[in-house]
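Here the structure is laid out as structure tokens; the discussion comes afterwards.
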Amino acid sequence: MHTNTKENSTIAICLMAILVFSPVASFAQATTTFSGEAVALRANALGISLALSDTGPLAASGGNLNRSLASVNVLGVASADALKSTTSGRGTTSQSQSSVANLSLLGGLVAADVVKSNSSATCSGGQAAVSGNAEIVGLVAAGQSVVVSNPNLAISLPGGISLIVNEQTSSPSGNAGSITVNALHVKGPSIDIVVASAQSGITCA
């Protein structure tokens, strides 16, 4: 009976030694770290401030975050359905995606059937690379149909308002890279609205 107790104690001590020393061994090795965040609708307009279907920032260790919202209707500012956002980081890739359907901004000044953004950051041979795109179906701005092609298409709208379609900002540099894709960005006097924003970043080991 006593022998068993002694054996159990020895096993417990061995396990503790493994638990105590293994993090030190792994800490010595460089690890790939991630960043990411996706937001379906962010608005500061007409005294209203909101961030809907926002994943929040991804942990540096990676993981997976999801947010969704059935619909939103803020009178005079924005209405949309099926707001979805995801961000994840694992292995050698960080990626984010955000989308909305049946969008209407500022009383129909800007409208679209589907608005979606994608971004990703990957490591290859210790070097970071980033990519991203926006997919927009049925975009109409001030009554005019808009075809989305190249990034950062700027459109002037009445009332001193501007619309940037497929807005992309990126900073790949050696072993680290980050990209943000805003599918639609509306700016004007006291107005700043971003639809379907997807940010992805990575620092390669």
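Values as computed for the structure displayed
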quantity	calculated
Residue within segment 159-175 that is closer than 27 Å to Leu46 by Cβ, buried (at least 19 other Cβ atoms within 10 Å of the Cβ), touching a Ser or Thr at 6+ places or on another chain (Cβ under 6 Å) and touching a residue at least 40 places away in the same chain (Cβ under 8 Å) present	no
From the options Asn118, Asn182, Asn133, residue that is touching a Ser or Thr at 6+ places or on another chain (Cβ under 8 Å), modelled with pLDDT of 95 or more and open to solvent by 40 Å² or more (accessible area, probe 1.4 Å)	Asn133
Tally, over segment 44-86, of residues that are among the small types (Gly, Ala, Ser), more than 30 Å from Pro189 (Cβ to Cβ) and buried (at least 18 other Cβ atoms within 10 Å of the Cβ)	1
Wholly within segment 107-205, strands (runs of 3 or more DSSP E) carrying at least 2 residues that are in contact with a Gly (Cβ under 8 Å, 6 or more places away or on another chain) and within 22 Å of Asp81 (Cα to Cα)	110-124, 191-203
Cross-chain or 6+ apart pairs with Cβ under 7 Å, segment 68-87 first and free of Cβ contacts under 8 Å to residues at least 40 places away in the same chain and under 12 Å from Val195 (Cβ atoms), then open to solvent by 70 Å² or more (accessible area, probe 1.4 Å) and assigned to a strand (DSSP E or B)	Ser79/Asn73
Residue within segment 82-94 that is modelled with pLDDT of 95 or more and over 30 Å from Cys204 (Cβ atoms) present	yes
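The values are calculated or read from the model by the stated rules, or taken from the named source; none is laboratory data. What you are looking at is a predicted structure, and each value in this text was computed from that prediction instead of being measured. All Cβ positions, even for glycine, are placed from backbone atoms using ideal geometry, and neighbour counts span all protein chains on display. Heads up: the accessible areas ignore ligands, DNA and RNA and are worked out on the full protein's heavy atoms, side chains in. Shrake-Rupley method; radii C 1.70, N 1.55, O 1.52, S 1.80 Å.
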